[in-house]
Amino acid sequence: PPRQGPERTGAPLMARKDLGVWKAEDCALVLIDYQNEMLEVIRSQPPADLVELHVRLLARTARAYGMPIVLSSVGVGFGFNGPTIASLQAELPDIEPIDRSSMNAFEDPAFRQAVEATGRRRLIIAGLHTEICLTFATVAALQEGYDVLYVADAVGGRSEVAHRTAIDRLAAAGAVPT
């Protein structure tokens, strides 16, 4: 069953109409799989160059507000993928990416512990690809009782149909789009 915190009523976020402006002190930023191999195959809107720009600006903003940031990559240790893109890592020089082997970041104990260690119950999540790692992590976070906001212009999918379907699924699951 989902964990209940002081801000949770048990109702899905969208149903509670708790859609006001979120405060930085209540939030953590979670960035998932911003790697060259993921960016190269984005075929949705916005295009990969804008996704990269937007995630860099998102990271810069979170740092300016002092928000905790969890950064994750997938498959680097196995040699499947390269590291977090240099432009994003340059915005987060003191944050070491948590490399995983699972598609669902919440299945990785180190990732889960890093999110829990932020002490925040509201997660602002962006990740590649929309239909895989972003969706799986967002749905898992919602099931764990977190409130989740996803940043629509800092994500992308392998096709427009896959991306749009995932965006619809996220909203239906109770995540807040922005």
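The values are calculated or read from the model by the stated rules, or taken from the named source; none is laboratory data. Just so we're clear, the structure is a prediction, and the values are computed from it rather than from any experiment. Neighbour counts are summed over all protein chains in view; Cβ atoms, including those assigned to glycine, are modelled from backbone coordinates with ideal geometry.
Below are the figures for this structure:
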read-out: Pairs where the first residue, in segment 155-176, is under 18 Å from I32 (Cβ atoms) and the second is of a type in the set (S, T, N, Q) and not in a helix (DSSP H, G or I), C-beta under 7 Å, 6+ apart; value: G156/S44; G157/S44; H163/S44
read-out: Residue within segment 16-29 that is at pLDDT below 95 and either crowded, with 17+ Cβ neighbours inside 10 Å or part of a helix (DSSP H, G or I) (or both) present; value: yes
read-out: Test: residue in segment 1-15 that is modelled with pLDDT of 95 or more and buried (at least 20 other Cβ atoms within 10 Å of the Cβ); value: no
